[in-house]
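Encoded as structure tokens, the structure appears first; notes follow it.
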Amino acid sequence: MQNQLINQFNEVFGEGSNPRIFFAPGRVNLIGEHTDYNGGHVFPCALSVGTYAVARIREDRNLRFYSLNFKELGMIEIDSKTVEYEKSHDWVNYPKGVIKEFLDRGLTIPSGLDILYFGNIPNGAGLSSSASIELATAVMMNELFSLSYDMLELVKMSQHAENSFIGVSCGIMDQFAIGMGKMESAVLLNCQTLDYQYSPLKLNDASLIIANTNKRRALADSKYNERRSECERALKDLQKELEITSLGELSPEEFAKHAHLISNKTDRKRAKHAVEENHRTLQAVKELGAGDIEAFGSLMNQSHISLRDDYEVTGAELDALVEAAWDEEGTIGSRMTGAGFGGCTVSIVKNEFIDTFIENAGKTYFEKTGLKAEFYVVAVGDGARELK
Ligand code: NG1
Ligand code: MG
């Protein structure tokens, strides 16, 4: 893979000194959905697929970008002193946003760069290809210009780039999982304090399977912001009597006691999900630690039901694929992952049933929706880094 990327780099940018290769994974969230921006916990892991950024220093001060995934856009060249958002630059806005973060922290780019990107994460599926591009760029800048920011700082810079440059008000989960991920582990992150702890993903004789509904998440952006506002309103109502700064601080019991303070019925349901999902996430990590995979799986199922009925972010396709998974022998748990409305599900399936799971769940899903699902047996990888 690395040699192939170098050859392709040389084809695009011309021969010269060997470029350096940086990699950032995609991520999948196992449980803790729509909790990050509510000050709750999430439990994602980094994947072995991700984004490669292959880069070489130039003699002038220009930045040249090229993606093997978007060849039709061709090469985009900008002056490193003027890094601005441009709609027509499409995917290049992600690396630009991150580079801008470095400039805003006082970096004068000492030399230009040629950068070739290649990603093997399915696009628009909720596996965070965008955060992956951001972290690959952040690590590249940090290493090439010997800037010595620590990974947590690069994570925050990438999230800030997505918020302010791209304009998506995402929580910190994606960038954190991608920057801080660890081989064979998932990470429990408190999104309010940024305290975190790794948990070995010991699934015994079972594996994680991601299934892409192949329903693009068209509505996700607007609904995402709508859910955020609903939760903010619910929090404001609760704050009339409770001294809290986020929904993540409440136990389900405390919430039940004070839920009547939330005047709007819909807001109440959204907040209920956020509080209970946060609690489920903590419980799930405990069960995993104790080796009770079945209990972990059952909490994944409950998470899906709550996202379907209370948070209302699943949609026909995600529901069909999860229900198909629930019906299969060997399924320990299954739920939607990411923002919802389309994208992927994540399941835990006993190894001996993986083949029949893929065949049968795929068939049932197709019969219900007319869409073909794609399945990936997950390899959990390390966080963003230079490949040497
Ligand atoms: P996805 O759908 O995987 O991009 C989004 C948010 C996360 C989190 C989840 C819901 C972005 C970039 N990411 O994830 O921060 O809020 O939804 O748990 O919007
Ligand atoms: Mg994204």
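Okay, here's what the table says:
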quantity	calculated
Total residues in the stretch 273-303, condition farther than 15 Å from residue 41 by Cα and in a helix (DSSP H, G or I)	11
Where residue 154 falls short, out of the listed (1) more than 21 Å from residue 43 (Cα to Cα); (2) away from ligand 2 (no atom under 16 Å from the Cβ)	(1)
Number of positions in the stretch 50-93 that are small (Gly, Ala, Ser) and closer than 15 Å to residue 165 by Cβ	0
Pair list, Cβ < 6 Å and 6+ apart or interchain, from the stretch 151-170 residues that are free of Cβ contacts under 8 Å to residues at least 12 places away in the same chain to residues that are small (Gly, Ala, Ser)	163/169
Single condition residue 70 does not satisfy, out of (1) under 18 Å from residue 170 (Cα atoms); (2) within 16 Å of ligand 2 (Cβ to nearest atom); (3) hydrophobic (A, V, I, L, M, F, W, C)	(1)
Candidate set from the stretch 161-203 (those that are assigned to a helix (DSSP H, G or I) and hydrophobic (A, V, I, L, M, F, W, C)); member that is modelled with the lowest pLDDT	166
Test result for residue 136, more than 13 Å from ligand 1 (Cβ to nearest atom), of a type in the set (Gly, Ala, Ser) and either modelled with pLDDT under 95 or touching a Pro at 6+ places or on another chain (Cβ under 9 Å) (or both)	yes
Matching residues in the stretch 121-150 - criterion: being assigned to a loop (DSSP other than H, G, I, E, B) and either buried (at least 24 other Cβ atoms within 10 Å of the Cβ) or within 16 Å of ligand 2 (Cβ to nearest atom) (or both)	121, 122, 123, 124, 125, 126, 127, 128
Residues of the stretch 215-266 that turn out to be within 16 Å of ligand 2 (Cβ to nearest atom), closer than 16 Å to residue 311 by Cα and of a type in the set (Gly, Ala, Ser), as a count	2
Candidates 227, 216, filtered to the one that is in contact (Cβ under 8 Å) with a residue 12 or more places away in the chain, over 30 Å from residue 386 (Cβ atoms), crowded, with 18+ Cβ neighbours inside 10 Å and basic (Lys, Arg)	227
Sole residue being out of contact with any Gly (no Cβ under 6 Å at 6 or more places or on another chain), buried (at least 16 other Cβ atoms within 10 Å of the Cβ) and of a type in the set (Asp, Glu), chosen from 101, 86	101
Search result, residues across the stretch 289-341 that are surrounded by fewer than 18 Cβ atoms within 10 Å (Cβ to Cβ), hydrophobic (A, V, I, L, M, F, W, C) and farther than 21 Å from residue 354 by Cα	290, 305, 316
Residue 48 vs. criteria of a type in the set (Gly, Ala, Ser) and in a helix (DSSP H, G or I)	no
Residue within the stretch 87-96 that is under 19 Å from residue 168 (Cα atoms), of a type in the set (S, T, N, Q) and either out of contact with any His (no Cβ under 8 Å at 6 or more places or on another chain) or in a helix (DSSP H, G or I) (or both) present	yes
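Residues are listed down the side, and each one gets a yes or a no for (1) closer than 29 Å to residue 228 by Cβ; (2) crowded, with 24+ Cβ neighbours inside 10 Å; (3) assigned by TED's automatic domain parsing to the domain that holds residue 132; (4) modelled with pLDDT under 95:
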residue	(1), (2), (3), (4)
18	no, no, yes, yes
22	no, yes, yes, no
29	yes, yes, yes, no
32	yes, yes, yes, no
40	yes, yes, yes, no
57	no, no, yes, no
64	no, no, yes, no
68	no, no, yes, no
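The values are calculated or read from the model by the stated rules, or taken from the named source; none is laboratory data. Because the structure is a prediction, the values reported are computed rather than measured. Cβ: placed from backbone, ideal geometry, glycine included. Neighbour counts: every protein chain shown.
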